[in-house]
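Notes for the one structure printed next.
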Amino acid sequence: MKTTSILYLLLLVFFSHTNYAQSTVDDPEIKKMVAEVKSENMEATVRKLVSFGTRHTLSDTKSNTRGIGAAQRWVKSEFDKYALKSGGRLTSVIDFFTIKADGKRIAMDSQLGNVMATLKGTDPTDDRVMIISGHLDSRASDVMDAKSDAPGANDDASGVAAMMELARIMSQREFPFTLIFVAVVGEEQGLYGAKHLADVAKDAKWNVVAMINNDMIGNSLSSGTLLRDNTRVRVFSEAIPYLETEAESKMRKATNRDNDSPSRQLARYIKTVTNQYVEQLDINLVYRNDRFLRGGDHTPFSQNGFTAIRFCEMNENYDHQHQDVRKENNIQYGDLTEFMDFEYMKKVTCSNLATFSNLAWSPKAPTNVGIEVKDLTNFSTLVWTAPEGKSVYGYNILIRETSSQHWEKTIFVKDTKAEIPYSKDNFLFAVQAIDALGHSSLPVFPIPIR
Ligand SMILES: [Zn+2]
């Protein structure tokens with residue numbers, strides 16, 4: 001090796017160390033996992049789910065080849081295959097529950113079942129939980145039609161396939177706390193499966209730090225306007241939390257926190273991690289809980305006070321969404337596999353995987369994060385308490401202007417107090433804990449300390 005090459009290598013080591021201190025280091029294990037995401041696997045999953053004809057929530061549960069029951073049992077059997085390689089840590093269940101007739105989209109009392117795989121954490125003292133979902137059910141033009149074909153390739157076999165790919169890859173690794181992978185049902189009938197799980201989580205006081213819903217992530221062409229976009233995906237996050245106490249509301253107004261809800265922090269976190277680990281995919285932050293006047297499976301979680309977001313393709317195609325399979329005026333309607341963009345879907349799955357793993361390996365978030373306000377000064381002093389549990393390498397102070405959608409600057413510190421030359425009048429801040437491999441907690445917005 002030439003001397004210049006050695007010098008270059010030394011420089012590289014030096015600079016990677018500098019980067020390390022600034023927390024932009026890539027975790028080789030996350031890179032490896034991202035490389036394990038296969039579009040062929042997800043295409044096979046989508047084709048299998050489509051093969052059940054319809055997965056309408058109220059469709060046949062007895063047949064082994066058609067209807068929601070067959071689909072549920074197949075997803076569970078796949079989870080059980082992954083479980084064999086998990087050292088006994090992945091377990092699966094069809095969580096059955098009864099929904100009363102609602103006079104709307106549930107005609108009679110019905111038994112529904114979410115298919116759920118739980119990857120037990122390795123640290124019994126870490127009570128955090130993360131949930132990733134897609135919805136198993138599909139629909140035809142008439143939401144009550146449980147008989148006609150409803151392939152649901154994109155809506156939402158795509159989300160289920162992404163969730164299963166994460167379960168497959170992540171169950172071969174160890175994470176300190178519990179991860180739940182779930183194919184919910186009843187979405188099209190009124191978010192019933194997600195509501196059931198969100199209520200279970202609330203009643204049992206699960207410490208759900210993040211809930212990620214993937215609903216329609218495999219189409220890259222808009223109907224009507226014919227926009228083709230396979231480089232962006234929308235992440236929806238609520239602005240003002242659904243569940244907010246009077247004191248929290250008062251604090252939000254006092255600190256101008258209208259664009260910094262925990263769900264919005266999660267959305268920005270996804271953007272940062274995706275930029276780091278996924279090529280040719282940009283996160284489009286949409287400042288609403290879901291699409292205009294619509295909702296999704298993350299909504300019941302938001303309503304129960306959890307931090308929850310939705311991934312959804314950049315452009316939707318209404319010829320292939322909630323449509324009977326048919327040809328009219330030479331236009332093919334229906335949510336068919338032939339309209340899927342599996343390479344796009346793969347990138348969105350990689351974004352899910354990088355985010356979910358980075359967060360699953362992160363230390364807990366710092367607590368008591370505050371900003372000192374006793375003196376008038378153009379510096380800002382932030383203080384916080386080190387989190388319990390997994391050891392922390394340091395902290396990132398995230399900084400952005402009040403009019404910016406995403407963090408613009410990161411200052412890395414080792415201490416639990418920092419004075420920075422940025423005025424709190426002109427900037428917004430948050431603090432996250434970080435371990436030696438760059439895994440970062442969700443950022444915490446500071447409250448004033450007098
Ligand atoms: Zn859907």
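Tabulated values for the structure
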item	result
Degrees separating the helix 342-360 axis from the principal Cα axis of the chain, which is the longest one	50 degrees
Rounded to 10°, Cα long-axis angle of helix 192-203 versus longest principal axis of the chain	40 degrees
Histogram of C-alpha separations across region 364-449, 5 Å bin width, %	3, 16, 28, 25, 17, 8, 3, 0
DSSP bridge pairs, region 56-207: antiparallel proportion in percent, nearest 5	65 percent
Cα-derived Rg to Rh of the chain, Kirkwood definition	0.99
Cα centroid of region 43-91 to Cα centroid of region 385-450, whole Å	42 Å
Lys, Arg +1 and Asp, Glu -1 on Cβ, resulting dipole of region 28-360 about Cα centre, debye, nearest 20	480 debye
Positive minus negative residues near Ala436 (Lys, Arg vs Asp, Glu; Cβ under 15 Å)	-2
Value of [θ]222 nm, deg cm²/dmol, for the chain, DSSP H segments ≥ 4, -39500 (n - 2.57) each, nearest 500	-9500 deg cm²/dmol
Gaussian network model of the chain, springs between alpha carbon atoms under 10 Å - residue of Ile99, Ile331, Ile212 with greatest fluctuation	Ile331
Helix 68-84 axis, angle to the chain major axis (alpha carbon atoms, nearest 10°)	40 degrees
32 Å Cα-Cα threshold exceeded, pairs from Lys195/Lys327; Lys100/Lys347; Lys147/Lys195; Lys76/Lys147; Lys120/Lys346; Lys364/Lys424	Lys195/Lys327; Lys100/Lys347
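Each value in this text was obtained by applying a stated rule to the coordinates, not by laboratory testing. Computed from a predicted model, the values in this text were never measured in an experiment. Note: ideal-geometry Cβ built from the backbone for every residue, glycine included; neighbour counts use all protein chains shown.
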